[in-house]
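The values are calculated or read from the model by the stated rules, or taken from the named source; none is laboratory data. The shown structure was predicted, so the numbers you read here are calculated from the model rather than taken from an experiment. Heads up, the Cβs are rebuilt from the backbone with ideal geometry, glycines too, and the neighbour counts pull from every protein chain shown. Accessible surface areas use protein heavy atoms only, side chains included; no ligands, DNA or RNA. Shrake-Rupley method; radii C 1.70, N 1.55, O 1.52, S 1.80 Å.
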Amino acid sequence: MISVIIPVLNEAEGIGSCLDQFMLWANHLEIIVADGGSDDGTQEIVRKYPVKLRQCPLGRGQQMNHGAAIATGDILLFLHSDTFLPENFIETIEITLAKPGVVAGAFQLEIDDPQPNLRWIERTVRWRSQFFSLPYGDQGIFVKTDIFRTLGGYAALPIMEDYEFICRLKQQGHIAIAATAVKTSPRRWQKLGIWRTTFLNQAMIMGYHLGVKPDTLRQWYRQQAS
């Protein structure tokens, strides 16, 4: 059993499409939507589907932890609500985690926009993921449930929670990158621009390693992203 955990906040526009992708496999999956306090109708849409709705404190790390707390699957898949999985994702996850020494994995990244510059972003993500075992949350991170719980889940950070978790995961074993890709929304790159988004991401990582407080990083990110 794979438990899919989707953290959301005001995703009424796209949550239906996100959940639709699982309906063919509804009997083989446990879908948990961890809502951080939506007030745009997201929860009403979710309740129309055969999924579990978990209302939790706001914060992606906390939301994912709350979703994982009620999960019954042997494998946890953490997925952003604007990301779509390849058709063979169940088989891919199971095969990937069955490899010796592998404790977790993620997919390649495909951005749903034809801009040529975004192909460069995809290649950079592929290189970073494969050579440094550093996938990000938008790649669909999957992990064995017992490993996740041994590590205590995601840290209660206002930002960088997926990066911090991956760094701890690497100490437990290998993080494998699947050959197939998830397709994610381009909205973040469209809003801020490709190079500004890339700069902000790298600045967050640098600030994190320099010991800048996560609250400060989050405030700075919001100022730059507004």
**Fill in**
Of the residues in the stretch 35-87 that are open to solvent by 20 Å² or more (accessible area, probe 1.4 Å) and among the aromatic types (Phe, Trp, Tyr), the one that is farthest from Tyr136 (Cα to Cα) is Tyr49
**Asked** Does Phe131 satisfy the condition of being part of a helix (DSSP H, G or I) and over 15 Å from the mean Cα position of the chain (by Cα)?
**Response** yes
**Item:** Residue in the stretch 81-91 that is closer than 23 Å to Gly152 by Cα and at pLDDT 95 or above present
**Value:** no
**Item:** the stretch 180-226, subset in a helix (DSSP H, G or I) and among the small types (Gly, Ala, Ser), residue surrounded by the most Cβ atoms within 10 Å (Cβ to Cβ)
**Value:** Gly207
**Item:** Single match in Ile159, Ile177 (criterion: open to solvent by less than 40 Å² (accessible area, probe 1.4 Å), part of a loop (DSSP other than H, G, I, E, B), touching a residue at least 60 places away in the same chain (Cβ under 8 Å) and of a type in the set (A, V, I, L, M))
**Value:** Ile159
**Fill in**
Within the stretch 66-85, the count of residues that are farther than 22 Å from Thr184 by Cβ and touching a Gly at 6+ places or on another chain (Cβ under 6 Å) comes to 0
**Prompt:** What residue, among those in the stretch 137-156 that are within 16 Å of the chain's Cα centre (by Cα) and open to solvent by 40 Å² or more (accessible area, probe 1.4 Å), is farthest from Ala71 (Cα to Cα)?
**Reply:** Ala156
**Request:** Using the structure shown, decide if Gly101 is closer than 25 Å to Ala181 by Cβ, open to solvent by 50 Å² or more (accessible area, probe 1.4 Å) and touching a residue at least 40 places away in the same chain (Cβ under 8 Å).
**Result:** yes
